[in-house]
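A.B. asks: Input: one structure, supplied below.
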Amino acid sequence: MAQAEGDGARPMALAGLKVLDLSRVLAAPWASQILGDLGAEVLKVEQPGRGDDTRRWGPPFVEDTAPQPDAAYFFCANRNKQSLAIDFSQPEGAALVKQLALQADVVVENFRVGALARFGLDAETLRAANPRLIYCSVTGFGQTGPYAKRGGYDFLIQGMSGLMSITGRPEGVAGAGPMKVGLPVSDLFTGLYAAVSILAALNHRAASGQGQWLDCALLDSQVAVLVNQAMNFLVGGAVPQRLGNDHPNVVPYRDFACSDDYLLVACGTDGQFQALCRLLGKPEIGADPRFASNAGRSRDRRALEVQLAAAIAPWKAADLLAAMAEAGVPGGPIHSIDQILANPQIAARGLLQSMTRDDGTPVTVIGFPTQFSATPPSYRLAPPRLGQDTAAVLSAALGLDATAIAALAARGVIGLDPLAAEALS
């Protein structure tokens, strides 16, 4: 267990909230990790002997004393959780999960539509027993509609949602073609929407005393965040196309090549554009009536960008970025991941957090990004080993003694982490 300095003395926004997490991979675990970071107690139920799929999605793996080390991928979405290895395909295992659900405020799951009904762990059954329960289902396409029974994965959703049709180099340019985003953004957006929805449902429950069922879909979430591109079509009627690094509405807002590197220019106002032209020693570009407004710059973007590219090319990137910052022109470098994680701004914001597993294995995680003045996020529990907390939770939450726990383990109903099993014996 790892606890950041001072966590024990600071209030947590979701302290006392109990979350039963039946999910795996990324979208739903991302939502439950958000709740855990904000203070909720999160019990993650995993399949004995196998666990969350992402435990094996490596290399790289975090080397520790476990028989099978966990992949780095698992660590990105599973801190501040306790791991229970329970086989709920067995009646005894399902009964254990049902008992835990009676004590829970929130259940998060991402099984295929209808899959959990076989075990009596569906929303209707659990909410009948616990009407205050908020049951959050995360699927590819939702509980209704012609695609409801299909499995949904981030890559497929990026393509189906239209995101890939506007991502990548434009037609006629070398390397043209649809391209996925370099992160599983459809999963992440859905996890964020799920967490927001859970918090909204908790507020409703505080007023009404009633829980509810939340139906979160990857496709819905990704379509919702098509934002300006979708509105451009709904208002203007033109189907958005791939523009590479260009912005569909704002000009200049893209990458430019300096003599030694690339940099980004992001002029959101006419004043910023004029300041850029003066900085580059090209006031005549700013004085051109074609470029006086963003609408004009958008219509004649290619003519403008050719001139800007020629004026920017002789500069060294660091020199121009420094000059832009001084002149109030928004711009920035294109960092690699190692560069941004070593950036002093990231250190100043405390975004990298050091945690330690209970076997002493250290791990660094990227923390919760919001700065709270009163109830900051905490980093209490490093991502757990499979079944690390099975015995402790079943004892504390359900009152099972060591003999009962050992018998369940012998029948394969539960799995125990070797260190936990040793402690039990």
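The values are calculated or read from the model by the stated rules, or taken from the named source; none is laboratory data. In this text the structure is predicted, and so the values were computed from the model without any measurement. Cβ coordinates were reconstructed from backbone atoms using ideal geometry, including for glycine residues, and neighbour counts include every protein chain displayed. These area figures cover heavy atoms from the full protein model, side chains too; ligands, DNA and RNA do not enter into them. Shrake-Rupley method; radii C 1.70, N 1.55, O 1.52, S 1.80 Å.
A.B. asks: I want to verify a result. In a Gaussian network model of the chain, Cα cutoff 10 Å, which of these has the top mean-square fluctuation: 179, 231, 164?
C.D. replies: Its mean-square fluctuation being the largest, the pick is 231.
A.B. asks: May I ask for the Kirkwood hydrodynamic radius of the range 41-83, worked out over all distinct Cα pairs and given in angstroms to one decimal?
C.D. replies: Working: mean 1/r = 0.0923 Å⁻¹.
Final number for the Kirkwood radius of the range 41-83 is 10.8 Å.
A.B. asks: Could you check the spin-label model distance between residue 207 and residue 410? Points 7 Å from the Cα along Cα→Cβ, value in nm.
C.D. replies: It works out to 5.4 nm between the two label points.
A.B. asks: Ordering 269, 167 from largest to smallest accessible area (1.4 angstrom probe), what's the sequence?
C.D. replies: Values: 269 65, 167 35 Å².
Greatest to least solvent exposure: 269, 167.
A.B. asks: Here's another thing I want to ask about it. Using just the helices of the chain, give the 222 nm mean residue ellipticity in deg cm²/dmol: DSSP H runs with n ≥ 4 each add -39,500 (n - 2.57), and the total is spread over all residues, rounded to 500.
C.D. replies: Numbers: 18 runs with 162 residues, N = 425.
Calculated at 222 nm, the ellipticity per residue is -11000 deg cm²/dmol.
A.B. asks: Taking Rg/Rh (Cα atoms, Kirkwood Rh) straight from the coordinates, which label in (1) 0.98; (2) 0.95; (3) 1.05 is the correct one?
C.D. replies: Answer label, from the structure shown: (3).
A.B. asks: OK, next. Quick check of the Kirkwood formula: for the range 211-369, what is the inverse mean of 1/r over all pairs of different Cα atoms, in Å?
C.D. replies: Numbers: mean 1/r = 0.0527 Å⁻¹.
Across the range 211-369, the inverse of the average 1/r is 19.0 Å.
A.B. asks: With the other protein chains left in place, how much accessible area per residue, in square angstrom, belongs to the range 363-425 at a 1.4 angstrom probe? Write down the numbers at each step before the final one.
C.D. replies: Values: 2800 Å² over 63 residues.
Here the residues of the range 363-425 average 45 Å² of exposed surface.
A.B. asks: Residue 10 to residue 290: FRET efficiency via 1/(1 + (r/R0)^6), r the Cβ-Cβ distance, R0 60 Å, to the nearest 0.05? Intermediate values should be presented prior to the final figure.
C.D. replies: Numbers: r = 56 Å, r/R0 = 0.93.
After rounding, the FRET efficiency stands at 0.60.
A.B. asks: Any of 149/180; 98/149; 180/282; 18/180 with alpha carbons more than 28 Å apart? Name them for me. Mind dumping the intermediate values first?
C.D. replies: Details: 149/180 24 Å; 98/149 25 Å; 180/282 37 Å; 18/180 36 Å.
Over 28 Å apart, Cα to Cα: 180/282; 18/180.
A.B. asks: Which percent of the accessible area of the chain is formed by carbon and sulfur heavy atoms (probe 1.4 angstrom)?
C.D. replies: Numbers: 11830 of 20270 Å².
Taking all protein chains in place, the chain shows 58 percent carbon and sulfur surface.
A.B. asks: OK, next. Classify the range 24-101 as rounded, prolate or oblate from the Cα gyration tensor: take a ≥ b ≥ c as the square roots of its eigenvalues, call it rounded if a/c is under 1.5, otherwise prolate when a/b beats b/c and oblate if not. Provide the component values of the computation, followed by the final result.
C.D. replies: Working: a/c = 2.16, a/b = 1.26, b/c = 1.71.
Oblate.
A.B. asks: Using θ = phi - 60° and the Karplus relation 6.51 cos²θ - 1.76 cosθ + 1.60, list the HN-Hα couplings for the range 352-358 in order, rounded to whole Hz, with x at every Gly or Pro.
C.D. replies: Running phi through 6.51 cos²θ - 1.76 cosθ + 1.60 with θ = phi - 60° gives 8, 10, 8, 10, 9, 5, 6 Hz.
A.B. asks: At 1.4 Å probe size, put 181, 363 in order of accessible surface, largest to smallest.
C.D. replies: Numbers: 181 45, 363 20 Å².
Sorted descending by solvent-accessible area, the residues read 181, 363.
A.B. asks: Could you work out how far the C-alpha centroid of the range 71-103 sits from that of the range 350-421, in angstrom?
C.D. replies: Answer, in whole Å: 11.
A.B. asks: Which of 370, 348, 304 sits closest to the plus end of the dipole of the range 291-400, meaning its Cα is farthest towards the positive end, when Lys and Arg get +1 and Asp and Glu get -1 on the C-beta?
C.D. replies: Looking along the dipole axis, the top candidate is 304.
A.B. asks: Express in nm, to one decimal, how much length is gained between residue 299 and residue 347 on full extension, taking 0.36 nm for each residue of separation and deducting their alpha carbon distance.
C.D. replies: Values: separation 48, 0.36 × 48 = 17.28 nm, distance 4.14 nm.
Here the segment from residue 299 to residue 347 would lengthen by 13.1 nm.
A.B. asks: Of the options 130, 156, 228, report the single residue whose Cα projects farthest towards the positive end of the charge dipole of the range 105-255 (beta-carbon charges: Lys, Arg +1; Asp, Glu -1).
C.D. replies: The Cα lying farthest towards the positive end belongs to 130.
A.B. asks: Still on this structure, I have one more. Which sequence of 112, 56 reflects their accessible areas, 1.4 Å probe, from the largest down?
C.D. replies: Result of the area sort, largest leading: 112, 56.
A.B. asks: Just how much of residue 204 is accessible, in Å², when a 1.4 Å probe is used and the result is rounded to the nearest 10?
C.D. replies: Roughly 90 Å² of residue 204 is accessible to a 1.4 Å probe.
A.B. asks: Can you list the residues of the range 114-130 with backbone N under 18 Å from a point 7 Å past the Cα of residue 50, pointing along Cα to Cβ?
C.D. replies: Zone members listed by number: 114-121.
A.B. asks: Cα atoms only, the range 51-199: Rg and Dmax in Å?
C.D. replies: For the range 51-199, the Cα-based Rg and Dmax read 18.8, 61 Å.
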